[in-house]
Structures are given as C-alpha cells and as structure tokens.
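Participant: Here it is: the structure, laid out below.
No lab work stands behind these numbers, since they all come straight from the coordinates. Quick caveat: nothing in here was measured; it's all calculated off a predicted structure. Glycine also receives a Cβ, built like all others from the backbone with ideal geometry; neighbour counts cover every protein chain displayed.
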Amino acid sequence: MKNAEGVNQHIRNIESESDIVSKFEQRKAVWLFESGDWLTLVIERIDNSQAVGLIGFRCDDAQLRRAEVGYLIAPEQQGLGFASESLRAVTDWGALQFSMHKYIGLCAQENIASRNVLEKVGFVLEGVLKQNNCIDGKWTDDCYMGLLTAQRT
C-alpha cells in the first residue's frame with residue numbers, strides 16, 4: 001500500500017521497517033483466538049484480486065467473548081465499501097466461529113470516515129476516551145465503539 005502517512009494519520013506513528021517486518025513475522029504464526037494476538041487478513045477486490053487493505057480481529061477477553069476489530073484501506077480504494085463489507089464479514093465470522101458477545105472498535109474522533117464504517121455495520125458510540133493516543137506529538141481523542149452481536153442490525 002502506498003502513502004503510509006495518509007493511511008496511518010489517525011492510527012499510529014509510522015514504524016520502522018524492522019518493526020514492521022517483526023510484526024509481519026509474528027502474524028505469520030499459527031493464530032489462536034485466546035492468544036490476544038491479531039488475526040490480520042488481506043482484503044482483495046473480487047474483480048481483479050488486487051489487495052486493497054487489511055482487516056484485523058483480536059480476542060480482547062476470551063471469557064467475556066469480546067474482540068477488537070480494526071482495518072486499513074489504501075487511500076485510492078477508500079469510499080468504495082471495502083471496509084464496511086469486510087468488517088461485516090469478519091464480525092459475522094467471529095460470531096459464528098467463537099460465539100462472540102461483543103466487538104470493540106476504536107477510531108480517532110476526527111476520523112469521521114472510520115466512524116461511519118463502524119456505524120454502518122451497527123457499532124454505536126459508547127464513549128470518548130480523551131487524549132487516548134499520541135500521533136506525531138499530537139494527542140487525539142478516541143471514539144470507543146461497541147457492537148453487541150445479539151443486537152446486530
């Protein structure tokens with residue numbers, strides 16, 4: 001994906017190449033739901049198999065059947081429905097595979113597009129975490145979004 005700064009502007013500081021390689025190697029390992037590690041999946045276009053982004057899923061609390069979700073879409077592919085379609089698929093899969101009770105999504109309060117994706121799939125705002133993240137020396141507030149699988153729209 002091109003333009004890492006644009007994609008990450010509301011998520012995190014740009015990491016070094018060695019840190020990225022290390023995370024990639026970790027995520028190639030066999031994934032277990034209870035591990036708390038991210039399961040990272042590539043989002044591909046059906047028409048040409050082009051990779052357009054990533055979607056992730058990680059167990060936040062196995063006993064409570066709660067998981068966190070996250071996604072990144074290449075700038076030139078944003079606004080085409082890939083994030084919401086993938087998010088709906090991964091939350092449906094998790095509900096069936098792991099009997100999920102709740103999903104959590106965090107997004108910067110100023111990242112309206114990401115919040116719209118979460119809301120389109122049925123997530124609701126549960127609170128705003130003040131100065132929850134620091135990106136390039138700037139503190140940001142995060143929207144804490146939740147989706148109860150029993151109340152899925």
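Participant: Name the residue from 91, 78, 108 whose Cα lies farthest towards the positive end of the charge dipole of the range 65-128, charges +1 on Cβ of Lys and Arg and -1 on Cβ of Asp and Glu.
Facilitator: 91
Participant: On to the next question. Taking H placed 1.01 Å from N in the peptide plane, check which residues at least 5 places from residue 71 or on another chain put their amide H under 5 Å from its amide H.
Facilitator: Excluding prolines and chain starts, which carry no amide H, the hits are 56.
Participant: Given a Förster radius of 35 Å and the C-beta distance between residue 50 and residue 124 as r, what FRET efficiency does 1/(1 + (r/R0)^6) yield to the nearest 0.05? Before the final figure, lay out the partial values.
Facilitator: Numbers: r = 32 Å, r/R0 = 0.93.
Efficiency computed from Cβ-Cβ geometry: 0.60.
Participant: Report the extension gain between residue 132 and residue 150 in nm, rounded to one decimal, defined as 0.36 nm multiplied by the number of residues separating them, less their alpha carbon distance.
Facilitator: Contour length minus the Cα-Cα distance gives 3.6 nm.
Participant: According to the Cα gyration tensor, what semi-axes, each the square root of 5 times an eigenvalue, does the equivalent ellipsoid of the range 18-153 have, listed from largest to smallest in whole Å?
Facilitator: Whole-Å semi-axes of the equivalent ellipsoid: 20, 20, 18.
Participant: Let me ask something else about it. Quote the Stokes-Einstein diffusion coefficient, in whole µm² s⁻¹, for the range 61-102, based on the Kirkwood radius over alpha carbon pairs, a temperature of 25 °C and a viscosity of 0.890 mPa s.
Facilitator: Rounded, D is 215 µm²/s.
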